[in-house]
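Chemist: I have a structure here, written as structure tokens, and I will follow up with some questions on it.
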Amino acid sequence: MATTPKLDRASTSETADSPEKRVWRTSPSAHEALKTHYEANPEQKLVFPHKWDVSRSDIYVENRWQPIFAEMQAAGPLHYIDESPFGPYWAVVGHKAIQHIEALPDIFSSSWEYGGITILDAPKEELDKPKEERFELPMFIAMDRPKHTGQRRTVAPNFTPSGMTEMEPEIRQRTGELLDSLPRGEVFDWVDTVSIELTTGMLALLFDFPWEDRRLLTFWSDWSGDTELATVRELDEFRRGVLFEMAEYFQELWVKKTQEEPAGDLISMMIHSDAMNQMDPMEFMGNLVLLIVGGNDTTRNTMSGIIHSLDLFPDQRKLFEENPDLIPNAVQECLRYQTPLAHMRRTCTEDTEVFGQQIRQGDKVVLWYLGANREESVFEDPHKLDITRDNAKRHIAFGYGIHRCVGARLAELQLRVLLEEMHKRRMRVHVAGDVERVRANFVHGFRKLEVEITEF
Ligand code: HEM
């Protein structure tokens, strides 16, 4: 099949033994690869026989998932989807039921050994290999207790309120500079110019990730977050190649940093902390990838979601413009409204009952945060953005329980600073052209958002 990209690892290096000269793969994008594949092989398009199979990405790219979740919620908090391209699974759509399941992490495992944290299972060929031959990048998001607890504890001190206070001036300065550089009287893409640039730039600064390579973070997180293309064997192979390359990059970075004097960036702090010192290098790297890639398209898509939703609800934009004190609550409401990760997955480790449904050991359980954050019985008029909403903070966009997002404070800080700096400049951003959403059931966001800036 000529149109599917093939992984040719040799072509990614100029010379194998000169890492400085290494050329890292930056194309094709995950989106292009999948599009090209389906254009060449239309008969391979995925089929979704179950009317409530919310793993279908067309409902997200066309923004018509809302009535499906509402119908499911009216019928109950969880439903068994017996057939889907990702195999059978429980779709948990109730806010309370998701919290209930996340509060039982021993029964509902996050472990990669059972399938990890997305609807996509690890390829069978990979699991059949002897352990030492598998490509594994252990990350604590896909681990259970007690290992999860220890690793999370080593990373969490980087995200304390006082740590955030220290980071704020740098984040504010960079955000301000970027906003000042934006074109006026001209249509441009907010996703590429602002959301991607700010998120990758901030992560690159905080982790001292090489500045000139920061767009690699975007390329890698796009490939790692695209669950649908992994259903196509050739693309999944390519995807694993991309992830392998990312691991190699991080390994070089890690080696370089261990040889340098301690510095103030997060990687150096982690390397020189007593607790992180004990971690084996693959685990250290896995967790680095988790922090840098995990914080990437999530924050990016919320930055795009903020602009899109304020434009969709001009009354709310006016409120924001008139009353900047509402910004902290607006951040929570925009997180609820956007929910940049549509789901997380668990695997059931013993037969159990949840809200009257019998779940069996080994069942895949998919927690649809996106649906739950629009549940009418929890959020009144849920499809309306309301920056004064008194329970906006009850959203579960960051998850719940022992795995709740460790970077939540950093994300909230970046989003608050963005809104504050826009306000300071009296900047009003209008949607003024193409709006393209991500075609995926995991990452929920925008590929393109053409806007124009005026003043209020
Ligand atoms: C708007 C931005 C973000 C959203 C919506 C988000 C969402 C999430 C979600 C849903 C989870 C899983 C929670 C669960 O299973 O209950 C998670 C976990 C995690 N996130 Fe975030 N995230 C964001 C930003 C970040 C940032 C900026 C970082 C770091 C720089 C980060 C690092 C992590 C890590 C390390 C975990 C694993 C936590 C654990 O397993 O204990 N995230 N995030």
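The values are calculated or read from the model by the stated rules, or taken from the named source; none is laboratory data. Keep in mind that this is a model prediction, so the values were computed, not measured. Backbone-built Cβ (ideal geometry, glycine too); neighbour counts: all protein chains shown.
Chemist: Is it true that S162 is at pLDDT 95 or above and farther than 17 Å from T302 by Cβ?
Modeler: For S162, the condition - at pLDDT 95 or above and farther than 17 Å from T302 by Cβ - is not met.
Chemist: Something else: Could you list, in sequence order, all residues of the range 335-351 that are free of Cβ contacts under 8 Å to residues at least 24 places away in the same chain and touching a Leu at 6+ places or on another chain (Cβ under 8 Å)? Reasoning before the result, please.
Modeler: Going through the range 335-351, the residues free of Cβ contacts under 8 Å to residues at least 24 places away in the same chain turn out to be 351.
Across the range 335-351, there are no qualifying residues.
This table checks each residue for (1) within 16 Å of the ligand (Cβ to nearest atom); (2) closer than 30 Å to D434 by Cβ; (3) without any contact (Cβ under 8 Å) to a residue 12 or more places away in the chain.
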position: D53; (1), (2), (3): no, yes, no
position: N63; (1), (2), (3): no, yes, no
position: A70; (1), (2), (3): no, yes, no
position: A91; (1), (2), (3): no, no, no
position: I98; (1), (2), (3): yes, no, no
position: E102; (1), (2), (3): yes, no, no
position: I119; (1), (2), (3): yes, yes, no
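Chemist: Can you confirm whether the range 344-361 contains a residue that is in a loop (DSSP other than H, G, I, E, B), closer than 30 Å to E420 by Cβ and either in contact with a helix residue (DSSP H, G or I) (Cβ under 7 Å, 6 or more places away or on another chain) or β-branched (V, I, T) (or both)?
Modeler: no
Chemist: Among the numbered criteria (1) of a type outside the set (V, I, T); (2) in contact with a Ser or Thr (Cβ under 6 Å, 6 or more places away or on another chain); (3) crowded, with 21+ Cβ neighbours inside 10 Å; (4) not in a helix (DSSP H, G or I), which single criterion is violated by D226?
Modeler: (2)
Chemist: From (1) of a type outside the set (D, E, K, R); (2) more than 30 Å from W211 (Cβ to Cβ); (3) crowded, with 21+ Cβ neighbours inside 10 Å; (4) within 16 Å of the ligand (Cβ to nearest atom), pick out the condition that doesn't hold for Q316.
Modeler: So the condition that Q316 fails would be (4).
Chemist: Give the range 161-182 a look and list any residue that's closer than 26 Å to G286 by Cα and either within 13 Å of the ligand (Cβ to nearest atom) or buried (at least 18 other Cβ atoms within 10 Å of the Cβ) (or both), or say none.
Modeler: Listed by number, the residues that qualify are G163, M164, M167, I171.
Chemist: Residue check: is R374 buried (at least 21 other Cβ atoms within 10 Å of the Cβ), part of a loop (DSSP other than H, G, I, E, B) and within 16 Å of the ligand (Cβ to nearest atom)?
Modeler: Yes.
Chemist: Something else about it: For the range 193-203, name all the residues that are at pLDDT 90 or above and within 16 Å of the ligand (Cβ to nearest atom).
Modeler: V194, S195, I196, E197, L198, T199, T200, G201
Chemist: Quick test for you: out of S309, S304, pick the one residue that is more than 19 Å from R152 (Cβ to Cβ), in contact with a strand residue (DSSP E or B) (Cβ under 6 Å, 6 or more places away or on another chain) and hydroxyl-bearing (S, T, Y).
Modeler: Numbers: S309 fails: in contact with a strand residue (DSSP E or B) (Cβ under 6 Å, 6 or more places away or on another chain).
Just a single option satisfies the conditions, and that option is S304.
Chemist: Okay, moving on. Do we have G116 as modelled with pLDDT under 95 and crowded, with 20+ Cβ neighbours inside 10 Å here?
Modeler: Details: modelled with pLDDT under 95: yes; crowded, with 20+ Cβ neighbours inside 10 Å: yes.
So G116 passes the test.
Chemist: A follow-up question, please. Which ones in the range 398-435 are crowded, with 19+ Cβ neighbours inside 10 Å, in contact with an Asp or Glu (Cβ under 8 Å, 6 or more places away or on another chain) and either within 18 Å of H343 (Cβ to Cβ) or free of Cβ contacts under 8 Å to residues at least 60 places away in the same chain (or both)?
Modeler: Those that are crowded, with 19+ Cβ neighbours inside 10 Å, in contact with an Asp or Glu (Cβ under 8 Å, 6 or more places away or on another chain) and either within 18 Å of H343 (Cβ to Cβ) or free of Cβ contacts under 8 Å to residues at least 60 places away in the same chain (or both): G399, Y400, H403.
Chemist: Same structure again: Hey, can you tell me all the residues within the range 255-275 that are in contact with a Phe, Trp or Tyr (Cβ under 8 Å, 6 or more places away or on another chain) and surrounded by fewer than 18 Cβ atoms within 10 Å (Cβ to Cβ)? Steps first, answer last, please.
Modeler: Filtering the range 255-275 for residues in contact with a Phe, Trp or Tyr (Cβ under 8 Å, 6 or more places away or on another chain) gives 265-267, 270-271.
Residue satisfying the conditions is D265 alone.
Residues are listed down the side, and each one gets a yes or a no for (1) under 30 Å from L367 (Cβ atoms); (2) away from the ligand (no atom under 16 Å from the Cβ); (3) of a type in the set (K, R); (4) within 15 Å of the chain's Cα centre (by Cα):
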site	(1), (2), (3), (4)
Q251	no, yes, no, no
A263	no, yes, no, no
M269	no, no, no, no
S273	no, no, no, no
V289	yes, no, no, yes
N301	yes, no, no, yes
E322	no, yes, no, no
